[in-house]
Ligand code: SF4
């Protein structure tokens with residue numbers, strides 16, 4: 001938690017209203033998103049109870065499962081959901097554009113648009129991941145056949161759930177996180193996880209938020225009291241009014257989802273949001289192609305090389321996302337100013353025509369002096385960037401105390417055209433106010449990884465091809481001691497996770 | 001002491017402890033209020049309802065019935081499935097100690113465990129010293145004795161899918177299991193036996209993937225054990241706390257809500273957002289803590305330099321208040337943060353339409 005965000009929370013308490021922590025929208029909001037609100041049966045492992053789904057706020061579609069413990073009904077639900085979700089997704093796999101690759105020597109195709117699914121909260125994403133896991137390996141023939149749409153749905157859901165882990169991806173968005181990126185409330189972040197309450201803080205304030213605490217849940221878990229009083233009797237006698245009850249339960253959240261979309265659309269979009277959506281379209285295109293080519297379902301677990309490569313992609317996406325947000329939004333950049341990783345100042349001297357001819361070829365290297373009263377925690381030699389001119393580098397030559405602050409002498413390179421005279425406006429002029437930061441958008445290549453087929457034995461050896469794997473839909477399947485789990489974390493930290501590895505058969 | 005506790009509780013029956021309440025108790029060891037109320041066995045849930053701040057701590061019938069069905073499946077046919085998943089041989093004895101009176105059961109437990117060589121022992125009754133009080137634990141657990149070792153077996157009905165499970169649930173199960181390990185070790189110690197016979201590795205038996213088929217995994221609870229021990233020893237001695245309370249103080253649920261609220265004010269609380277999922281009194285305490293930075297969560301409070309009230313934070317940030325010497329650093333930070341925040345907001349939403357603090361870009 002940065003001090004700036006914490007301060008905004010304190011302001012929200014006093015004002016009784018949520019406070020902005022962003023001045024632009026950091027998220028692509030689709031013109032035609034699909035909203036999906038899943039509901040599950042308590043106690044069961046991922047047994048859907050209902051879902052409200054659709055692309056038109058005026059026409060929600062309700063899917064229900066009369067007997068959630070019944071396997072056939074569960075897969076009928078999956079087929080139903082597929083009937084809405086798959087055509088929606090497919091509708092984007094039509095028009096393509098050419099994208100230059102390899103410095104223009106080649107082109108690849110990319111769909112001009114991609115789907116965007118909205119769920120209320122992170123638990124909704126978790127549900128989709130598990131539901132994808134429980135459906136993508138299902139067989140459409142043999143002993144317990146399921147409708148053909150079921151495994152296809154499973155593969156799409158797995159794809160979306162995986163993209164949701166990628167920082168900055170907007171193919172599968174959860175409303176709680178999307179709102180939390182732009183506003184803070186006057187309560188704890190744990191309490192913000194209740195979608196209706198968080199939205200009430202933003203729309204109407206603290207009092208309305210307290211009211212909303214007693215309102216219907218946003219799923220996927222139901223309220224235990226509701227289970228005991230309402231749901232259990234209905235399910236026990238297979239009551240025909242179950243769909244109506246579930247409709248009424250879900251409808252307020254449905255409306256809130258669309259209000260959230262409207263709220264976010266009102267914010268001006270950040271400049272670099274488009275870049276991230278481009279990457280999302282690439283991911284969508286690639287996966288649609290894999291499906292079209294008849295590729296196997298995603299494995300239950302990544303092999304060692306795939307897992308390492310994925311981790312690397314996640315890390316670089318996270319740092320790119322952080323930099324892009326800071327460059328797009330002065331309020332996010334302010335956090336870096338507070339910590340000394342960025343400072344604002346005024347240009348007091350400028351030598352835009354300076355040429356360095358000490359090397360083989362003369363090069364344009366203008367120098368500017370920037371005066372600032374803010375803390376400067378950089379050393380001479382450091383390379384800085386200004387969000388206003390992201391392709392230009394500013395190397396710190398010297399830092400000297402001056403008046404109430406410091407003078408920073410900088411040497412510029414890049415972003416000034418190809419000639420020995422800088423293009424007009426490309427060198428900051430005297431009097432211009434400038435923000436400089438150690439953050440940089442420059443591409444940083446990750447370390448090299450071996451090919452999956454060359455996975456060293458220390459990391460489990462090469463992954464087994466899909467066809468050779470035992471069919472994971474045949475239960476039981478976890479018995480052979482390939483999991484030994486250890487819990488991490490202490491009492492304060494509710495964050496244990498299974499660490500998997502080669503294990504030992506019990507006891 | 002007993003009578004003082006009875007007096008605090010009043011006419012109601014004392015609530016019994018279980019591993020979950022002890023885990024929760026140590027989750028907020030600095031809270032005197034909880035320590036006293038729990039020591040006296042006061043029903044916090046009913047207390048909260050009575051004073052108009054009910055929380056929701058119910059359990060779904062669906063979850064309960066699935067849990068029971070899973071356990072029954074494991075224990076059917078003389079624990080056939082449980083033996084199978086534990087890799088225990090069929091000749092192993094099974095003893096269920098569930099019987100009606102507490103003392104009987106505890107004696108049974110002591111006797112059985114004292115000479116347990118190879119057995120599955122169900123529903124033992126254990127005791128643990130918590131904040132100077134001996135509390136009974138009625139764990140839903142099986143102690144698995146084999147090769148001279150005792151292992152705690154916990155049956156849970158949440159699913160383990162591809163070796164992964166809900167981290168909050170695993171973590172809660174680990175803490176509870178650690179409470180049992182601790183209680184079992186205490187018991188052996190009292191019997192003059194080696195407490196380290198009880199393994200720090202507990203066995204969690206859960207349904208695998210999306211089936212009802214059991215899978216056993218081993219959890220190492222050493223970390224949870226040491227945290228638990230540290231926090232139990234740190235729990236302020238309840239005796240001292242109770243001695244310091246005014247004479248005649250009572251939380252009898254027959255009293256008026258107003259009187260109970262006044263009584264609560266005599267015992268200091270230490271609210272944190274974590275209380276919301278761990279303590280039945282949390283809605284009341286949250287209301288009491290309104291306006292404090294602690295109510296926003298520890299990370300927020302720390303980022304605000306540890307200043308305790310929200311009003312004070314803003315007064316320091318706006319320079320309306322002279323910081324105390326130890327607040328100087330935090331105040332400078334807050335002022336810089338406010339200046340930067342206002343500057344960025346003003347540049348994005350230029351006057352005169354600049355939103356006031358109370359509005360934002362909605
Ligand atoms: S809710 Fe209140 S009584 Fe319970 S632990 Fe928190 S502060 Fe203590």
Averaged over peptide A:226-233, how many Cβ atoms belonging to another chain are found within 10 Å of each residue's Cβ?
3
Exposure proxy check on A:385, A:96: fewest-to-most Cβ neighbours within 10 Å is A:96, A:385
Work out how much length residue A:354 to residue A:98 would gain on full extension: take 0.36 nm times their residue separation and subtract the Cα-Cα distance, in nm to one decimal.
88.1 nm
Calculate how steeply helix A:242-265 sits against the longest principal axis of the alpha-carbon atoms of chain A, using the helix alpha-carbon long axis, and give the answer as 0 to 90 degrees to the nearest 10.
10
Exercise: per-residue mean of other protein chain Cβ atoms within 10 Å, B:292-304:
6
Mind pulling the angle between the C-alpha long axis of helix A:330-339 and the longest principal axis of chain A? Nearest 10 degrees, somewhere in 0 to 90.
70
Pick from B:347, B:282, B:65: which is most flexible by mean-square fluctuation in a GNM of chain B where alpha carbon atoms under 10 Å apart are linked?
B:347
Between B:348, B:265, B:72, which gets the highest mean-square fluctuation from a Gaussian network model of chain B, Cα cutoff 10 Å?
B:348
With region A:64-154 reduced to its Cα atoms and the Debye formula applied, log10 I(q)/I(0) at q = 0.10, 0.19, 0.26 1/Å amounts to -0.39, -0.95, -1.31
Scale the Cα Rg of region A:159-260 by the rule-of-thumb value 2.2 N^0.38 Å and send over the ratio, two decimals.
1.24
If each residue's Cβ is checked for other Cβ atoms within 10 Å, how do A:354, B:301 rank with the fewest at the top?
A:354, B:301
Two pseudo-spin positions, 7 Å from Cα along C-beta at residue B:239 and at residue A:275, lie apart in nanometres by 6.6
Hey, in the GNM for chain B with a 10 angstrom Cα cutoff, which one of B:110, B:218, B:36 fluctuates hardest?
B:218
Determine the principal axes of the Cα atoms in the protein assembly as shown, then give the extent along each, sorted from largest to smallest and rounded to whole angstroms.
95, 74, 56
Antiparallel content of DSSP bridges confined to region A:342-437, in %, to 5
100
Quick one: if the Förster radius is 22 Å, what FRET efficiency do residue A:148 and residue B:213 give, using the C-beta to C-beta distance and rounding to 0.05?
0.25
Would you order A:368, A:399 from fewest to most other beta-carbon atoms within 10 Å of each residue's own beta-carbon?
A:399, A:368
How fast does chain B diffuse by Stokes-Einstein, in µm²/s, taking the Kirkwood radius from C-alpha pairs at 20 °C and 1.002 mPa s?
90
Mean projected area in nm² (Cα convex hull; one quarter of hull surface) for region B:61-233:
10.4
Mind checking the angle between helix A:122-135 and chain A's longest principal axis? C-alpha axes, 0 to 90 degrees, to the nearest 10.
50
Taking N as its residue count, the alpha carbon Rg of region A:3-292 over 2.2 N^0.38 Å
1.06
Kindly rank B:203-215, A:422-434, A:16-28 from highest to lowest mean number of other beta carbons found within 10 Å of each residue.
A:16-28, B:203-215, A:422-434
Rounded to the nearest Å, the spacing of the alpha-carbon centers of region A:217-258 and region A:136-185 is 23
Solution diffusion estimate, µm²/s, Stokes-Einstein, region A:342-437, Kirkwood Rh from C-alpha pairs, 10 °C, viscosity 1.306 mPa s:
118
Only helical DSSP H runs with n ≥ 4 go in: add -39500 (n - 2.57) per run for the protein assembly as shown, normalise by residue count and round the 222 nm mean residue ellipticity to 500 deg cm²/dmol.
-12500 deg cm²/dmol
Long-range share for chain A, i.e. C-alpha pairs more than 42 Å apart as a percent of all pairs, stands at 31
Rounded to the nearest Å, what's the spacing between the alpha carbon centres of region A:396-423 and region A:353-372? Just the number, please.
8
When Cβ neighbours within 10 Å are restricted to other protein chains, what is their mean count per residue of peptide A:332-339?
4
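All of the numbers you see were taken from the coordinates with simple rules; none came from a lab. Everything numeric in this text was worked out from a predicted model, so none of it was measured. Positions of Cβ are generated from backbone atoms using ideal geometry, with glycine treated the same way; all protein chains shown enter the neighbour counts.
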